[in-house]
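Quick notes on the structure that follows.
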Amino acid sequence: DENEERTTANWTQINASSSIPSARSFHKMIAIGTNLYMFGGCGADGRLNDLWKFDTLTYKWTQLGVSNVLRGRGGPNILALNENKIAIVAGFAGEETNDGHVYSLSSEEWEKEGMKGLDEMRPRSVCCFASLPRVNKCVIFGGEVDPSQKGHEGAGGFERDAVVLDGTSGTVLETIQPSSSGSVDEEWPGNRGWADATVHGDTFYIFGGLAGDDASPVRLDDLWQCKVSP
């Protein structure tokens, strides 16, 4: 029908009113309020550990400094914590990691020391992550725990646990494994990394990802939802 209204997509390249981050890939970004926060990634000269803010109202980038705790890395988790803070947790820094560093958006500075209470979490990268302020918790699901020997052409070793962190401090509260309740009928997503996830209300959604191993990598098409109790 020639008169049928068609959907349009109008892209506009943003010309920032400030200096911009260096070119990179494998970084992560989240939105809080009217700002975007981006950390790390892989640049032309190696892995990066810088944090940037983009103001969507003024179109201005601001470099918030380099973490003096974390090595440069790709595939980290960026968690929005309560008390106006964000946490950078884990990622690939030449090896899978389980360290973290908190940045205060109020004081605009990194905390003096790295995060405590992450030792219980198996080192990992390219996970699914979510901040759930209604229950004051964050979740990191699965991820790559053994890097592939074939790079992006293969599949390394993956986890399928749900790491629950305190929504204020980022400390690991517990790691939930499948069948922890002892029920043989329990549904649980399979091992995976390189998936994507989002939050709607108090529900955490995961779709797809990479599973298998170097000999037989498998790309997934399953959708899961998870509700986390207070």
_Residue list for region 71-83, restricted to those being part of a strand (DSSP E or B) and open to solvent by less than 10 Å² (accessible area, probe 1.4 Å)_ = G74, N77, I78, L79
_With the requirement that a residue be exposed (fewer than 14 other Cβ atoms within 10 Å of the Cβ) and touching a strand residue (DSSP E or B) at 6+ places or on another chain (Cβ under 9 Å), what does region 21-51 give you?_
S22, A23, S25, M29, A31, T34
*asked:* Can you find a residue that is within 25 Å of G170 (Cβ to Cβ), within 17 Å of the chain's Cα centre (by Cα) and among the polar types (S, T, N, Q) anywhere in region 15-31?
replied: no
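The values are calculated or read from the model by the stated rules, or taken from the named source; none is laboratory data. In this text the structure is predicted, and so the values were computed from the model without any measurement. Neighbour counts run over all protein chains shown; Cβ positions are idealised from the backbone, glycine included. The accessibility values were calculated without ligands, DNA or RNA, using every heavy atom of the protein model including side chains. Shrake-Rupley method; radii C 1.70, N 1.55, O 1.52, S 1.80 Å.
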